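Here the structure is laid out as structure tokens; the discussion comes afterwards.
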Amino acid sequence: MLKMTDIGLFCEPGNFYIDPLNPCDTAVITHAHADHARAGMKNYICTPETASIMRSRIDQNLSIKETKYNQSLRLGKTTVSFHSAGHVLGSAQIKIQFNKKTAVITGDYKRAFDPTCPSFDVQKCDIFVSEATFANPKYIWPSFSDEIEKIYKWYEHNYKNKINSIIYCYSLGKAQRLIKTIKEAYNIPIYAHQAIRTINKIYKKHGISNLETKTISKIKSFLPGLIVIPPGAKKSKHIKHLIPNKTAMCSGWALNNCRDCDMGFVLSDHADWNDLIKTIEETEAKEVVIIHGSGPLLRKYLNEKGITVTNYNKFKQAEKTVQLSIFQ
Ligand SMILES: [Zn+2]
Ligand SMILES: [Zn+2]
């Protein structure tokens, strides 16, 4: 039903690719992050939310067939449907039914709470193609609300000392999850980079409230609120004048180190080790394919439970290159 090709993950009986790396006729897209939704495909199929983001980021005139969650469509000899992945707005697992077999391709996903998108919707299947970005028992996420409280306390301390609080978040998904939660819990002003404000507008159009932010002043050296910018804009001239400042990253990788930041908060839009295993078990799949991450430990764990694991390493290289993109 599925095979890996140079273009990407291919469903032969349906004659379409999922999140293809290279140009093709029909691309089924899990979500709008740059390492999944690329330019150059003749036709796209994705959720309406993903379509809005792709039109804004890639091209207003893309040929897209929008398909809502839980609706089925016929592609070649297969039946395809989209089911929420809980990763970012519009993110979907792709369910493919063919010859009495069901495969589910997750794209990126998480099980932790996110007020900006519906939660992960478990689909029973025979073949489960899972991302495995954090497939290591050392990655166990702390509670979301505890991390949010830590961010607020960090900001409050800086604020009292007239120090700017600059927080780095990916502009699609992470930033909105943080902004909405902080606003609703603490009602403090939020200043955001233009790339984030553009995505906020799309979220608002799709019914996600409390994402209002202020633009970052080019004159004032101190901003009395949380300043949210994408990691790719770290060296941007728009924030150079914000002195003194403290910086923080918001990522699952903050469990390892905080690279060139003063602080790290563990906020991830991916499943941690426990949630990867919980999810795989809940799908009752007998065959698991791991993409977007290597996961030798996950393979060993699942093999011991009698689950067959295939590793599509080919995606690893491509992932690494695009992860650096500021447009994630
Ligand atoms: Zn993603
Ligand atoms: Zn990804």
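No value in this document is a laboratory result; all are computed from the given coordinates. This one's a predicted model, so the numbers in the text were calculated from it and none came from an experiment. Cβ placement follows ideal geometry from the backbone for every residue including glycine, while neighbour counts extend to all protein chains displayed.
Key figures for this structure:
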{"item": "Extension gain from LYS138 to LYS214, taking 0.36 nm per residue of separation minus the Cα-Cα distance", "result": "23.6 nm"}
{"item": "Cβ charges +1 (Lys, Arg) and -1 (Asp, Glu), total dipole of the stretch 144-265, debye", "result": "560"}
{"item": "Gain on full stretching of the segment that runs from SER221 to ASP262 - 0.36 nm per residue minus C-alpha separation", "result": "12.9 nm"}
{"item": "Per-selection Kirkwood Rh - the chain (Cα, Å, 1 d.p.)", "result": "20.4"}
{"item": "The chain: angle of helix 273-283 to the longest principal axis, Cα-based, in degrees nearest 10", "result": "30"}
{"item": "If the convex hull is drawn through the Cα atoms of the stretch 63-152, its volume per residue in Å³", "result": "129"}
{"item": "Loop-located trypsin sites (Lys or Arg not before Pro) in the stretch 147-235, at most 13 other Cβ atoms within 10 Å (DSSP)", "result": "LYS162, LYS218, LYS220, LYS235"}
{"item": "Dipole magnitude of the chain about its Cα centre (Cβ charges: Lys, Arg +1; Asp, Glu -1), debye to nearest 20", "result": "960"}
{"item": "Ellipticity estimate at 222 nm from DSSP helix runs (n ≥ 4, -39,500 (n - 2.57)) divided over the chain, nearest 500", "result": "-7500 deg cm²/dmol"}
{"item": "At R0 = 41 Å, FRET efficiency that the Cβ-Cβ distance of GLN194 and LYS42 yields, to 0.05", "result": "0.85"}
{"item": "Tilt relative to the chain, helix 174-186 - C-alpha long axis, 0 to 90 degrees, to 10", "result": "50"}
{"item": "Reachable lysines, given that their alpha-carbon falls under 20 Å from the alpha-carbon of LYS124 and they are not under 8 places away in the same chain", "result": "LYS68, LYS95, LYS100, LYS101, LYS110, LYS278, LYS286, LYS305"}
{"item": "Point-charge dipole on Cβ atoms (K/R +1, D/E -1) for the stretch 67-115, about Cα centre, debye to 20", "result": "320"}
{"item": "Residues GLU66, GLU147, GLU49, sorted so that the one with the fewest Cβ neighbours within 10 Å comes first", "result": "GLU66, GLU147, GLU49"}
{"item": "Extension gain from HIS157 to THR79, taking 0.36 nm per residue of separation minus the Cα-Cα distance", "result": "22.7 nm"}
{"item": "Cα long-axis angle, helix 144-160 against the chain (0 to 90 degrees, to the nearest 10)", "result": "20"}
{"item": "Around LYS68: net Lys/Arg minus Asp/Glu count, Cβ-Cβ under 15 Å", "result": "-1"}
